[in-house]
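S.K.: One structure coming up, written as structure tokens, with questions to follow.
The values are calculated or read from the model by the stated rules, or taken from the named source; none is laboratory data. Just so we're clear, the structure is a prediction, and the values are computed from it rather than from any experiment. Glycine also receives a Cβ, built like all others from the backbone with ideal geometry; neighbour counts cover every protein chain displayed.
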Amino acid sequence: MTAIAPVRTDILVAARSRLKGKGVQPMADIIEARGLARAFVTDGVVIEAVRGVELSVAEGEFVAIMGPSGCGKSTLLHILGGLDRPSRGEVFLRGKRVDSLNEGRWARLRRKEVGFVFQFFNLINNLSAADNVELAGLLSGAPLSEARRRRRELFAALGLEEVAGKVPSRLSGGQQQRVALARALVNRPAILLADEPTGNLDSESTREVLNLLRQYRAEGQTIVLVTHDARVASAADRVIHMRDGSFVGETRIEDSRDRSRLLSSLIDLEV
Amino acid sequence: MFRAASLQAFADLRHRWVQTALVFFVVAAAATVLMLALTVWRASSEPYEQALDEANGPHAWFFGDRSDLLRIAERDGVVGAAGPYTVSFNFSVTVGTERHPVRFWDTGAELPEVSPVLLTEGRWLVPDGRDEVVIDAGFAREAGFDVGDEIVVADEAGRTVLHIVGVAANLERAPYPVWGPAVFHALPSTMEHLIHGRVNAWMLGVRLEDGAASERFITQVRADYPSVITGSWQEVRDGVNDVNTGNVVLLGVFSGFALLAVGFIIANAIGGQVLAQSREIGLLKAVGFTPGQVTGLFVLENMMIAVPAALVGGVLGFGLSPLFLGSVASLFDASVFPTFDPLVSGTVVAGVGLITMVFTAVPAWRAGRLSTLRTLTTGVMAEGSRPSLPAKIASRLRLPPLLVIAVKDAFSQPLRAMLTIGALTLVVITVAFALTIDATFVAAQDDPVRLGGPPFELQVEPRTMSNDGAEALVKAQPEIERYVKRAWFEVDIPERYQHVGTWGLAGDYREIGYPIHEGRMFSGPGEAVLGLGLARELDLGVGDTITFLLWGETRLELPVVGTYVEDNDRGRRIMFDLATVEEIVPDPGFVNFGVKVVSGTDAETVRQSLQRHGGGGIDVDNLAQDWVDSLQENRREIRAIAFSLNGVLLAVAVVSLLTSLLFTVRERQRDVGILKSIGLTPVQVVSAFVMGSAVFALLAAVIGLPVGVFLTNVLIDFAAQEDGLPKGIAETPSAGWLLLVVPLTVAVTVIGSALPAMQAGRSRIIDALRYE
């Protein structure tokens, strides 16, 4: 593992001050994690992938969790979305405790409250792009007409109308990720969780996807994204730095200058 | 390279031990059924042939005048003789309400070198053993008598108590009650007491230099002694085989289906294995396996399962064969286990091995052709370039999303889906087969004539009463609607070394209702109708002429005006008006009367009345009831076998489904993870897989039921032809029974899919998504 330089907290402090100065009230938290931990046991060896994480994400916020490979960011995201269970700690979704829900109840909750976008898209290979998205709509209980209407809207917004009838293997990486995004958003979830959404994309597709995420953020969608890519992280309102399973710092981004500064510092950090 | 391949193969089999065990089970099951079919087919008559050898028994039998028989015994080709013995008919033993006809032979205190019997229990008669009797082995089992019991024998003179000292298999006939009457053996002194000087016939058995040429010998004898009645050891052997003919047909059919099902399962297993191990295949090729060697590896792996499984199945089948052969074997005091025949065992192993190789070859060849790079990098087969058509159809039909998912996953590998449906369809076909056969039996009970049963209810056979006296008695009964007088002859078909049983009829033969298949009943002397079996054998039909020799010398040529359905002797019969031969045979020796009772009258009551009126002078049999009883017994036996074999095939199909689903679950692990991530609960995952299997079951039922009924009709027609019966005797099962197969099949698939479905439901999302 590469040695990581000390976190630049000065940017973080400056960002928080500007918020207070502008009188911005913190919005209600969509998701909150308290003392979250996740340990794996492999051949008798305990590995703590997540250690004592505290996290709050307000409604409408775009948060990026950034760190090197193996720092536990994906594990954290999976716990937040109910794909995995924490070893310790609590998770609240819209103020309701969810970490102890069984798999069935989490599944029902995920249908309407959580949208997931994965690095490798995770589309069903033998369903068309349209069916992949409509299926998610139908599972949440929407009638076919409604699921189809929402799908069409999303496809129009995402530029996917031409490929609606194609299977994922016939789509480019960028197209697949946009279909995955459409699937994640078809039920207007409370929170969108994205695990390295651009990890498997070329630069142009990366830009497309990031623009889309910003666009939905601007429309009020709450997004938590994990990435190891500084450029991707810089699209967020807030970047949380993670190392060895713990948060080690946080940066709030108000404007493009903050963004550039953050980007530079993060790039420096990476170097 | 072979060693490397073997190492790889062993490792694969151990690693996939569940799949290995499943494939082993189904191959062994198929081999068991096949071995059973072949063993029963080959060995049905083995006990009889062994007994014939052991007793040094006769190859040919003759009944007739004593002086004729003595001369026959001296003919060229005869190496030994049993008899002549006196044969006395018209005895009976009553056990409860059952009356068993019996005939006696005065075989004497010492069995000759050429023995007509094989003693199976107790001892033979002793010179001073008055009132001792050795009874028929088949009768002993049927009526429940043992050595040491007393037995009451009745005839017109009264009743006699005899002491059973032994039980013997009679080599002159198939076991009672397959062939009746039962044969008892007593000393001449006992016989004298029984028959009061009356001798019905003499019989002789001869052993020939060339046992295979018995038919030719018999025909030559008949040419010289036309009044002698004959029989050959081959006829007896065929009669013994008849005991198991139905079983052999059933087992043969099920063997075929089982082998097909095995083929489907193996192809399924191989196909799934290829998909699951595609990365390993890539590695093998990367380290030096050629495509041909990869193909060979798969074939080797499956032969390593199939050959031992076939051997195990062969041993099991051999071990189970006494269930079918034991009844006949016990009668001849033979081992219930047939002789081990390397040819039969080799056929089973080779057959199963061939099926395995054939159904392994194609998917194995595909495995060998997989692109090394792609399998190493992706580890999965090429993704489809089109959306799932079944899912599309399901979606268009507005089916619930769960069912759409179920259909999508079930048909994700179309070939595997087809093979699984194929295996299930085979089960449905065999269930339809069993149901159709059962329905045919039921229909036959209601209409025996259709299947060659007697067109009259009762048979009156004169014992001590004259033929005219018996006829007068029949005519005098008000409950009798009509009757036919039947005189039995055996005739020869020239240049075919065949003798055929023949009835000369008089009386109401046109009205009594013989089942004419084609043409018409003869309307007077000079015409003939042929049993269907004989007509087919001789390739004769309406308008042709049948030529035969009566008593070996009188040549008769009669135009064939019709064919009729005859159950006995595979339909090899001729009937003509008795007046045709009245100048040649003014007083036929063997006569009986077929009697039809007035509609609504109880035949059994009439039988008892006739018997009372006739006293001991006649024997009256309820032929119709006997025929129905025999049919019911056959039905019970065939039902037991058919449904047992159905159970085996069902287990094989469930295994096929299980194997298929285990692969599907493994392949769809990623999809399951995705679906769970977007909101599918574990229960819904289980339901989706179970629903997919239910779809297979529905398709199997929809295809299998009509195909099964159709195929059974074809099979029954084929069997009917062999038995001299007409086509079209199969009866379609009721709609209720057929429809019941649908939920039953669905239930079976639900059971078979439960385990892998629950496995899928329990899978962790994160593990599934990490699969990539």
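S.K.: Yes or no: B:E132 more than 35 Å from the chain's Cα centre (by Cα) and of a type in the set (D, E, K, R)?
M.R.: In short, yes.
S.K.: Out of the residues in region A:160-195 that are in contact with a Ser or Thr (Cβ under 6 Å, 6 or more places away or on another chain), more than 12 Å from chain B (Cβ to nearest Cβ) and not hydrophobic (A, V, I, L, M, F, W, C), which is surrounded by the most Cβ atoms within 10 Å (Cβ to Cβ)?
M.R.: Once the filter is applied, the top-ranked residue is A:G174.
S.K.: What's the number of the condition B:V23 fails, among (1) within 28 Å of the chain's Cα centre (by Cα); (2) crowded, with 23+ Cβ neighbours inside 10 Å; (3) over 19 Å from B:G346 (Cα atoms)?
M.R.: It is condition (1) that B:V23 fails.
S.K.: Does B:E637 meet the test of being farther than 30 Å from A:L139 by Cβ and free of Cβ contacts under 8 Å to residues at least 12 places away in the same chain? Lay out the reasoning, then the answer.
M.R.: Working: farther than 30 Å from A:L139 by Cβ: yes; free of Cβ contacts under 8 Å to residues at least 12 places away in the same chain: no.
Criteria not met by B:E637.
S.K.: Assuming B:L739 fulfils every condition listed in (1) in contact with a helix residue (DSSP H, G or I) (Cβ under 7 Å, 6 or more places away or on another chain); (2) at pLDDT 85 or above; (3) of a type outside the set (K, R) apart from one, which condition is it?
M.R.: It fails just one condition, (1).
S.K.: Taking strands (runs of 3 or more DSSP E) that do not extend beyond region B:53-135, which have at least 2 residues that are of a type outside the set (A, V, I, L, M, F, W, C) and touching a residue at least 12 places away in the same chain (Cβ under 8 Å)?
M.R.: B:78-95, B:98-105, B:117-122
S.K.: Test each condition in (1) over 19 Å from A:G137 (Cβ atoms); (2) among the small types (G, A, S); (3) surrounded by 23 or more Cβ atoms within 10 Å (Cβ to Cβ) for B:S687 and report the one that comes out false.
M.R.: All conditions are met except number (3).
S.K.: Something else: Could you check A:S100 against (1) within 26 Å of B:G761 (Cα to Cα); (2) in contact with a Leu (Cβ under 6 Å, 6 or more places away or on another chain); (3) surrounded by fewer than 22 Cβ atoms within 10 Å (Cβ to Cβ) and say which number it fails?
M.R.: (2)
S.K.: Now for a separate question. All but one of (1) over 14 Å from A:T251 (Cα atoms); (2) modelled with pLDDT of 85 or more; (3) not small (G, A, S) hold for A:K20; state the number of the condition that does not hold.
M.R.: So the condition that A:K20 fails would be (2).
S.K.: Hey, another quick one. Taking B:L680, is it hydrophobic (A, V, I, L, M, F, W, C) and facing another protein chain (nearest Cβ under 10 Å)? Please lay out each step first, then the result.
M.R.: Working: hydrophobic (A, V, I, L, M, F, W, C): yes; facing another protein chain (nearest Cβ under 10 Å): yes.
Here the answer is yes, as B:L680 does meet what is asked.
S.K.: Okay, next question. Which residue pairs have Cβ atoms closer than 6 Å, lie 6 or more positions apart in sequence or on different chains, and pair a first residue in region B:753-767 that is touching a residue at least 24 places away in the same chain (Cβ under 8 Å) with a second residue that is surrounded by fewer than 20 Cβ atoms within 10 Å (Cβ to Cβ) and of a type in the set (A, V, I, L, M, F, W, C)?
M.R.: Pairs that qualify, where the first residue is touching a residue at least 24 places away in the same chain (Cβ under 8 Å) and the partner is surrounded by fewer than 20 Cβ atoms within 10 Å (Cβ to Cβ) and of a type in the set (A, V, I, L, M, F, W, C), are B:A757/B:V686; B:M758/B:V686; B:G761/B:V686.
S.K.: From the list B:V686, B:V652, B:V695, B:V665, which residue is within 14 Å of another protein chain (Cβ to nearest Cβ) and of a type outside the set (G, A, S)?
M.R.: Details: B:V652 fails: within 14 Å of another protein chain (Cβ to nearest Cβ); B:V695 fails: within 14 Å of another protein chain (Cβ to nearest Cβ); B:V665 fails: within 14 Å of another protein chain (Cβ to nearest Cβ).
Among B:V686, B:V652, B:V695, B:V665, only B:V686 is within 14 Å of another protein chain (Cβ to nearest Cβ) and of a type outside the set (G, A, S).
S.K.: Separate question: Is it the case that B:G673 is free of Cβ contacts under 8 Å to residues at least 24 places away in the same chain, within 14 Å of chain A (Cβ to nearest Cβ) and crowded, with 22+ Cβ neighbours inside 10 Å? Explain how you work it out, then say what you get.
M.R.: On the way: free of Cβ contacts under 8 Å to residues at least 24 places away in the same chain: no; within 14 Å of chain A (Cβ to nearest Cβ): yes; crowded, with 22+ Cβ neighbours inside 10 Å: yes.
Spelling it out, it is not the case that B:G673 is free of Cβ contacts under 8 Å to residues at least 24 places away in the same chain, within 14 Å of chain A (Cβ to nearest Cβ) and crowded, with 22+ Cβ neighbours inside 10 Å.
S.K.: Considering only region A:100-122, I want to know if a residue exists there that is more than 13 Å from every other protein chain (Cβ to nearest Cβ) and either under 22 Å from the mean Cα position of the chain (by Cα) or not in a loop (DSSP other than H, G, I, E, B) (or both).
M.R.: yes
S.K.: Report the residue count in region A:124-159 for those that are more than 7 Å from chain B (Cβ to nearest Cβ), aliphatic (A, V, I, L, M) and crowded, with 24+ Cβ neighbours inside 10 Å.
M.R.: Matching residues across region A:124-159 total 2.
S.K.: Could you tell me which numbered condition B:D629 fails, if it satisfies all but one of (1) touching a helix residue (DSSP H, G or I) at 6+ places or on another chain (Cβ under 9 Å); (2) closer than 18 Å to B:L451 by Cα?
M.R.: (1)
S.K.: Kindly indicate the residue of region B:199-210 that is in contact with a helix residue (DSSP H, G or I) (Cβ under 8 Å, 6 or more places away or on another chain) and at pLDDT below 90 and also nearest to B:L118 (Cα to Cα) among those meeting that condition.
M.R.: Only one residue fits best here, namely B:M203.
S.K.: Hey, any hits in region B:610-631 for a residue that's within 22 Å of B:V26 (Cβ to Cβ) and under 26 Å from the mean Cα position of the chain (by Cα)? Before the answer, list the steps.
M.R.: First pass over region B:610-631, keeping only residues within 22 Å of B:V26 (Cβ to Cβ): none.
No, region B:610-631 contains no residue that is within 22 Å of B:V26 (Cβ to Cβ) and under 26 Å from the mean Cα position of the chain (by Cα).
S.K.: Cβ-Cβ distance below 6 Å, separation of 6 or more or different chains: which pairs start in region A:46-74 with a residue that is outside any strand (DSSP E or B) and end on one that is hydroxyl-bearing (S, T, Y)?
M.R.: If the second residue must be hydroxyl-bearing (S, T, Y), the pairs left are A:E59/A:T222; A:G60/A:T222; A:E61/A:T222.
S.K.: Next up: Of all residues in region A:123-151, count the ones that are of a type in the set (S, T, N, Q), within 30 Å of A:H228 (Cα to Cα) and in a helix (DSSP H, G or I). It would help to see each step written out before you state the result.
M.R.: Narrowing region A:123-151 to residues of a type in the set (S, T, N, Q): A:125-126, A:128, A:132, A:140, A:145.
If we keep only those that are within 30 Å of A:H228 (Cα to Cα) as well, we get A:125, A:132.
The next check asks that each one be in a helix (DSSP H, G or I); those that pass are A:132.
Qualifying residue count for the region: 1.
S.K.: Can you tell me how many residues in region B:473-499 are outside any strand (DSSP E or B) and not polar (S, T, N, Q)? Break it down into steps so the answer makes sense when it comes.
M.R.: Looking only at region B:473-499, we keep the residues that are outside any strand (DSSP E or B), and these are B:473-479, B:494-497.
If we keep only those that are not polar (S, T, N, Q) too, we end up with B:473-476, B:478-479, B:494-497.
Total meeting the criteria: 10.
S.K.: Any idea how many residues of region B:556-578 are part of a strand (DSSP E or B) and touching a Pro at 6+ places or on another chain (Cβ under 8 Å)? Walk me through it before giving the result.
M.R.: Initial filter on region B:556-578 (part of a strand (DSSP E or B)): B:556-564, B:573-577.
Filter once more, keeping what is touching a Pro at 6+ places or on another chain (Cβ under 8 Å): B:564, B:576-577.
Residues meeting the conditions: 3.
S.K.: Here is a list: B:A720, B:A694. Which entry is of a type in the set (A, V, I, L, M, F, W, C) and in contact with a Pro (Cβ under 7 Å, 6 or more places away or on another chain)? Give the steps one after another, and end with the answer.
M.R.: On the way: B:A694 fails: in contact with a Pro (Cβ under 7 Å, 6 or more places away or on another chain).
Sole residue among the options that is of a type in the set (A, V, I, L, M, F, W, C) and in contact with a Pro (Cβ under 7 Å, 6 or more places away or on another chain): B:A720.
S.K.: Follow-up question, since we're still on this one. Going through A:V226, A:V232 one at a time, which residue ends up being at pLDDT below 90 and within 12 Å of the chain's Cα centre (by Cα)? Give the derivation first.
M.R.: On the way: A:V226 fails: at pLDDT below 90.
Step by step, each of A:V226, A:V232 is checked, and only A:V232 is at pLDDT below 90 and within 12 Å of the chain's Cα centre (by Cα).
S.K.: Residues that are within 11 Å of chain A (Cβ to nearest Cβ), in contact with a helix residue (DSSP H, G or I) (Cβ under 7 Å, 6 or more places away or on another chain) and within 27 Å of B:L657 (Cβ to Cβ): list the helices (runs of 4 or more DSSP H) wholly contained in region B:388-472 that include at least 2 such residues. Step through it out loud before you land on a result.
M.R.: Numbers: elements: B:389-396, B:401-410, B:414-446.
Those helices (runs of 4 or more DSSP H) span B:389-396, B:401-410.
S.K.: Would you confirm whether any residue within region B:519-541 is at positive phi and part of a strand (DSSP E or B)?
M.R.: So far as region B:519-541 goes, yes, one or more of its residues are at positive phi and part of a strand (DSSP E or B).
S.K.: Sticking with this one: Take B:S644 and decide whether it is surrounded by fewer than 21 Cβ atoms within 10 Å (Cβ to Cβ) and within 14 Å of another protein chain (Cβ to nearest Cβ).
M.R.: Here the answer is no, as B:S644 does not meet what is asked.
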